[in-house]
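Structure first, then comments.
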Amino acid sequence: MQTNHTRKDREGLLLGNARYQGSAVHPSRFPPDEGAEVAFAGRSNAGKSSALNTLCNRRALARTSRTPGRTQMLNFFTLDDSRRLVDLPGYGFARVPEETRRKWKRLIESYLSRRRSLKGLILLMDARHPMKPDDGQFLDWCAYHRIPVHVLLTKSDKLGRGKQHQSLRVVRAGLLGSGSGAQLFSARDRTGQEEARKIILDWLSNPTPGSRPDGREDRKDIQTKKPRRV
Ligand code: GDP
C-alpha cells in the first residue's frame, strides 16, 4: 500500500515539473521520439494555454507558446527525462492565408502520423461553441491514426448547469463509437481539473517507451483520409 501511495504522489507532482524544452516547426527538430508524450490541441482561443497552466499548476507555463514566431510551432515541455507535454499550434482562425493553413495541416499530420511516443491527445473546445467543423476534422485525423483523444469543454464557468450538460451531450453524441471521452473544464474555477489530470497521467504512465500503446503502424506511406470540407 505504501508503495502505491508513494507512486501516486510522485505522479501527482509530475505535471508540476513541466518546463519549456523548445519549439519546432519541422520533425527533424522535435525532441527524440522516445518515452511518452501527451499533446494539447484546439481552435485558437479555446483556452488551451489556460488549461495547460492550470493542469500544471503554473501561472505562465504556456506563455512561451505565445511568443511571436512560436504560435505556429509545436512547443515541447519536459516533465522528467522520458515524458513530455506538447502544445500544438491552434487552428480555426477565419482569416489565415491558405498557405499558412496548408503548412499547419502538413505539420500536424506529419506529427500525428509518425510520433510514436504520442500516447494521447487532449482536445480543447469552448463549451459554448463545441464541435465546429475544424474540430470534427481534427477528430477524424486522430481516429484515423488511432490516437486516443479526450475532449475538455473549456470555460464551463461561463455556462449555467443546463447549458453545460447540453454541450456535453452534443460532444458525446459526436464522439459516439470513437472511444474518446469528454468532460467539462474550467481554468477559472478548476472544474474537471482532477479528472483531466488523471487521464493525462494514465497515458503518460504507459510503460512501453518508444512504441505506440496499441501497436499502430507507422503510417507515413499511407495517405490520410480526405479531410471534411469546412
Ligand atoms: P488559447 O488561445 O487556446 O491558448 O486560449 P487562452 O488560454 O489564451 O484563452 C483565451 C481566452 O479565454 C482568454 O481571455 C482567457 O482568459 C479565457 N479563458 C480561458 N480559460 C477560461 C476559463 O476557464 N474560464 C473563463 N471564464 N475564461 C477562460
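Where a number appears in this text, it was derived from the coordinates with a stated rule and is not lab data. Owing to the predicted nature of the structure, the values given are computational and were not obtained by experimental measurement. Reconstructed Cβ throughout: ideal geometry from the backbone, glycine too, with neighbour counts over all protein chains shown.
Structure notes:
- Zone residues, region 29-50, relative to residue 71, backbone N less than 15 Å from point 7 Å out along Cα-to-Cβ: 42-50
- Difference of contour (0.36 nm per residue) and Cα-Cα distance, residue 165 to residue 188: 6.5 nm
- Förster radius 35 Å - calculated FRET efficiency between residue 20 and residue 98, Cβ distance, rounded to 0.05: 0.70
- Working note: Karplus 6.51/-1.76/1.60 with θ = phi - 60° gives region 37-51 the couplings 9, 10, 9, 10, 9, x, 4, 4, 6, 6, x, 5, 5, 5, 5 Hz, where Gly and Pro are set to x.
- Ranking 50, 36, 23 by how far each Cα lies toward the positive end of the dipole of region 23-96 (charges on Cβ) leaves 50 at the top.
- Region 150-156 - phi-based ³J(HN,Hα) in whole Hz, Karplus 6.51/-1.76/1.60, Gly and Pro as x: 10, 9, 9, 8, 7, 6, 4
- Using R0 = 25 Å, the C-beta based FRET efficiency linking residue 106 and residue 45 works out to 0.65.
- Of the chymotrypsin sites (Phe, Trp or Tyr not before Pro) found in region 65-165, those that fall in a DSSP loop while having at most 16 other beta-carbon atoms within 10 Å are 93.
- Flagged links, alpha-carbon separation over 28 Å, of 103/132; 105/163; 119/158; 163/198; 105/132: 105/163; 119/158
- Placed amide H near residue 182: partners under 5 Å, 5+ positions off or other chain: 151
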